[in-house]
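The values are calculated or read from the model by the stated rules, or taken from the named source; none is laboratory data. Quantities reported herein were computed from a predicted structural model and do not represent experimental measurements. Cβ coordinates were reconstructed from backbone atoms using ideal geometry, including for glycine residues, and neighbour counts include every protein chain displayed.
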Amino acid sequence: MIPPVQAHVLILLIFSVIAVVALQRMRMPSSLGYLLVGALVGPHALALVPDIEHKRVLAEFGIVFLLFTVGLNFSLPQILAMRNLVFGLGTAQVVLTTLIVGVGAWLLGHSPETAFVIGAVVAQSSTTVISKQLIEQGEDQSRHGRLGVAMSVFQDITAVPFVVVIPVLGLASGSIAAPLGFALLKAAAAFVLVYLAGRWLLRPLFHEVAAQRSAELFTLTVLLVSLVAAAITQSLGLSMALGAFLAGMMLGETEFRHQIESTIRPIRDVLLGLFFVTIGMLLDVSVLPELWHLALAGAVAMLIAKAVLVFFIVHFAGVNRATAVRTGVVLAVGGEFGFALLAIALDNQVLASDVAQVVLMAVLFSMLIAPFFIRYNAAFASRLVQGPVLATNGVAQAEDAPPDQRDHVVICGYGRIGQNLARFLEAERIPFIALDMDPARVRDAHAAGMPVFYGDSSERDILEAVGADKARLIVISHDDLGAARKVLQHVRASRWPVKVMVRTRDEAPLAELLELGATEVVAETVEASLMIAAHVLLMAEVPTKRVLRRIRAAQANRYQYLHELYRSDEPVLGDADQDAGHDRLHAVELVPGAVAVGQVLGDLDLGDCRLQALVRAGERMLHPPPGLRLEAGDTLVLFGTPDGLDKAEVALLAQLASTEREAASVRRPIP
């Protein structure tokens, strides 16, 4: 006899696999499959799985990890950088939709609390449905596509204040001003607490964990940090999701963001799937014959109202009518966060069961209709503006350039070869992003203003996070053959239009790597033999003066570049020649009180070291003027022997105590 809990798990897994496969074949979001599974096997239909409490607890963790990953993608500097969009179009869309729909619901006889929740649920849009449909139509880089996705992503952030406010509506009796003010005060306190913890504890913690090179320990630490932050806000009487969002936002400012997101994604997806199953269990199919017409009318009203409202907001901001219409059509769909807010409202008894059924069905119907609605956005625009509208915007103009990285080079491995590649790319002004698994090297390179991030390049999620699918080239500069195979398999399986260059020590794996999809394989032994052959030909007086001049010019600088490396805490595979006696790069941050602060750059006595670059406020200057006066927070990138670097650092920070010098040597990543 199979225990009931085990049987319930098996039933959910069987139905979920079938539903997700079917929905993906129809190119529909997997979340709809989970919702349908919950409705089918739940207590209101086949009753194969009762609506038991422990599944609700696990589902709440799904919301926690969802908000955690949202926070990772919206660090505080990023939100401030996007303030025109965030506090302009995004705020207007969410606030006005909530207000107008809420007033409409109130006029229909609902209580103010219920009307507010309905407005908040309707204001959300599905980023998953929108982005998937736009990519399929080839409109993801059009102006209306980028506007729609950016505004829908901002709605994910607005879920955070809603998560704070909605529980207060269920607890308050009479005036809600005092409870709401107290809840907002506690939310501000939680933000300050998590912010300070992120600044002083999280970055050193993850540096220490990453240095152990244990995937298991890294995963445990991510889980611990997210759940501790959730527990802190819960202890303050707030939602667990709020703490998870704040922790994710703090970690989003670190160089570990991509690896953390990749680590947490499988756990988040499973728990989030369970959350959608529990939401589906709330759907009472027995009342569908009685309520379907109300739900369908609500879905149509939602699509039309949101499309019209977004049109006026975007058009008022100066966007042309056709683009405004298409953006409105894209954002009209309901969203997954609406289900999350609906679940919170039900748990706090803000919504009656019959009202929740209608709202739940309406949002579900809108998500089912949305792909067809979005597909014909150009046709809607053509009719409304009375003129032809292209399916895409064609050649993008400068003001429409996408905010994400495109046409860049991804360097997998920032060791000896990766650093030299980055140097030449920087000299040619070719954008690049580098990945490396050595936290000390990443820390130094980041402090020196280089776009280097901690992450395992053999993981598909990490490659997607750094835009490998939109890059012009991927360079595998390490000599880990197994990792190189995985990268090539990801590129081929995903059909990314990107070239891949692979470095190997010899020619043995050449055929295999080319078969896996490598564009070019560079073997070190072959390149060494070519260089020797060039010398032999020159010494044999072969008349190749032009080639000879170029070879001699390259030799004049090449060997110095080969030793300009950021130091690593321990030897890394492929960098065995990086011993303690070699010259290297070292980044020194000038903290307040350092003797060098206030001095003119040209007056510094660096001994045998040379200044390679200066980083100020995130801007990297390769050739800073000698008359530049140094400020606290500047980072000097020095090149020299280990002893020379130590002496130069002591001279620069001479007035600091030894413990302060150690703290000053911890480099900060670029904001």
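Exactly one residue out of Val285, Val270 is in contact with a His (Cβ under 8 Å, 6 or more places away or on another chain) and among the β-branched types (Val, Ile, Thr), and it is Val285.
For residues in the stretch 138-148 being assigned to a helix (DSSP H, G or I) and either touching an Asp or Glu at 6+ places or on another chain (Cβ under 7 Å) or modelled with pLDDT under 70 (or both), which is surrounded by the fewest Cβ atoms within 10 Å (Cβ to Cβ)? Per the stated criteria, the residue is Arg143.
Is one or more of the residues making up the stretch 227-239 in the same structural domain as Ala188 (by TED's automatic domain parsing), under 18 Å from Phe337 (Cα atoms), modelled with pLDDT under 80 and touching a Ser or Thr at 6+ places or on another chain (Cβ under 7 Å)? Within the stretch 227-239, one or more residues are in the same structural domain as Ala188 (by TED's automatic domain parsing), under 18 Å from Phe337 (Cα atoms), modelled with pLDDT under 80 and touching a Ser or Thr at 6+ places or on another chain (Cβ under 7 Å). The condition of being under 25 Å from Ile264 (Cβ atoms), modelled with pLDDT under 85, in the same structural domain as Glu426 (by TED's automatic domain parsing) and loosely packed, with under 13 Cβ neighbours inside 10 Å does not hold for Gly455.
Within the stretch 258-305, the set of residues being at pLDDT 85 or above and small (Gly, Ala, Ser) comprises Ala295, Ala297, Gly298, Ala299, Ala301, Ala305.
Let's see how each residue does on (1) surrounded by 17 or more Cβ atoms within 10 Å (Cβ to Cβ); (2) small (Gly, Ala, Ser); (3) at pLDDT below 85:
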position: Phe311; (1), (2), (3): yes, no, no
position: Ala322; (1), (2), (3): yes, yes, yes
position: Ala332; (1), (2), (3): yes, yes, no
position: Glu336; (1), (2), (3): yes, no, yes
position: Ala340; (1), (2), (3): yes, yes, yes
position: Asp347; (1), (2), (3): no, no, yes
position: Ala352; (1), (2), (3): no, yes, no
position: Ser366; (1), (2), (3): yes, yes, no
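The set of residues in the stretch 591-624 being in a loop (DSSP other than H, G, I, E, B), under 30 Å from Asn420 (Cβ atoms) and more than 36 Å from the chain's Cα centre (by Cα) consists of Ala596, Leu604, Asp605, Leu606, Gly607, Asp608, Cys609.
Report yes if some residue within the stretch 338-359 is in a loop (DSSP other than H, G, I, E, B), farther than 20 Å from Ala150 by Cα, out of contact with any Gly (no Cβ under 6 Å at 6 or more places or on another chain) and among the polar types (S, T, N, Q); otherwise report no. Checked against the condition, which is being in a loop (DSSP other than H, G, I, E, B), farther than 20 Å from Ala150 by Cα, out of contact with any Gly (no Cβ under 6 Å at 6 or more places or on another chain) and among the polar types (S, T, N, Q), the stretch 338-359 yields no hits at all.
Only one of the listed residues (Glu459, Glu464) is touching a helix residue (DSSP H, G or I) at 6+ places or on another chain (Cβ under 6 Å) and not hydroxyl-bearing (Ser, Thr, Tyr). That residue is Glu459.
With respect to Val487, determine if the residue is within 28 Å of the chain's Cα centre (by Cα), within 19 Å of Gln259 (Cα to Cα) and either in a strand (DSSP E or B) or not small (Gly, Ala, Ser) (or both). Spelling it out, Val487 is indeed within 28 Å of the chain's Cα centre (by Cα), within 19 Å of Gln259 (Cα to Cα) and either in a strand (DSSP E or B) or not small (Gly, Ala, Ser) (or both). Filtered by the rule that a residue be more than 16 Å from Leu224 (Cα to Cα) and of a type outside the set (A, V, I, L, M), the stretch 236-251 gives Gly237, Ser239. Just one of (1) modelled with pLDDT of 85 or more; (2) assigned to a helix (DSSP H, G or I); (3) not β-branched (Val, Ile, Thr) fails for Ala511. It is (1).
On the basis of being of a type in the set (D, E, K, R), crowded, with 18+ Cβ neighbours inside 10 Å, modelled with pLDDT of 80 or more and within 18 Å of the chain's Cα centre (by Cα), does Glu255 make the cut?
no
Criterion applied to Ala295, Ala231 was being more than 22 Å from Tyr34 (Cα to Cα) and aliphatic (A, V, I, L, M), and the one residue passing it is Ala231.
Contact map, the stretch 16-28: residues that are in the same structural domain as Leu364 (by TED's automatic domain parsing) and modelled with pLDDT of 80 or more paired with residues that are of a type outside the set (Ser, Thr, Tyr) and surrounded by 12 or more Cβ atoms within 10 Å (Cβ to Cβ), Cβ distance under 6 Å, separation 6+ or inter-chain. Pairs shown: Ser16/Val37; Ala19/Gly33; Ala19/Leu36; Ala19/Val37; Val20/Gly33; Leu23/Leu32; Leu23/Gly33.
Within the option set Leu223, Leu242, Leu205, being assigned by TED's automatic domain parsing to the domain that holds Ala340 and either touching a Cys at 6+ places or on another chain (Cβ under 6 Å) or farther than 26 Å from Arg441 by Cα (or both) holds for one residue only, Leu242.
Could you grab me the full set of residues in the stretch 313-332 that are part of a helix (DSSP H, G or I) and without any contact (Cβ under 8 Å) to a residue 12 or more places away in the chain? Across the stretch 313-332, the qualifying residues are His315, Phe316.
Take residues that are closer than 30 Å to Leu364 by Cα and either of a type outside the set (S, T, N, Q) or in contact with an Asp or Glu (Cβ under 9 Å, 6 or more places away or on another chain) (or both) and tell me which of the helices (runs of 4 or more DSSP H) falling wholly in the stretch 192-295 contain 3 or more. In the stretch 192-295, 240-251, 257-282 are the helices (runs of 4 or more DSSP H) which contain 3 or more residues that are closer than 30 Å to Leu364 by Cα and either of a type outside the set (S, T, N, Q) or in contact with an Asp or Glu (Cβ under 9 Å, 6 or more places away or on another chain) (or both). Taking residues in the stretch 483-502 that are assigned by TED's automatic domain parsing to the domain that holds Gly413 and within 13 Å of Ala468 (Cα to Cα), and partners anywhere that are among the basic types (Lys, Arg) and outside any helix (DSSP H, G or I), the pairs with Cβ atoms closer than 8 Å and at least 6 places apart or on different chains are Val498/Arg472; Lys499/Arg472.
Of all residues in the stretch 267-317, those that are among the acidic types (Asp, Glu) and within 30 Å of Leu220 (Cα to Cα) total 1. In this structure, Ala362 qualifies as touching a Gly at 6+ places or on another chain (Cβ under 8 Å), under 21 Å from Leu36 (Cβ atoms) and part of a helix (DSSP H, G or I).
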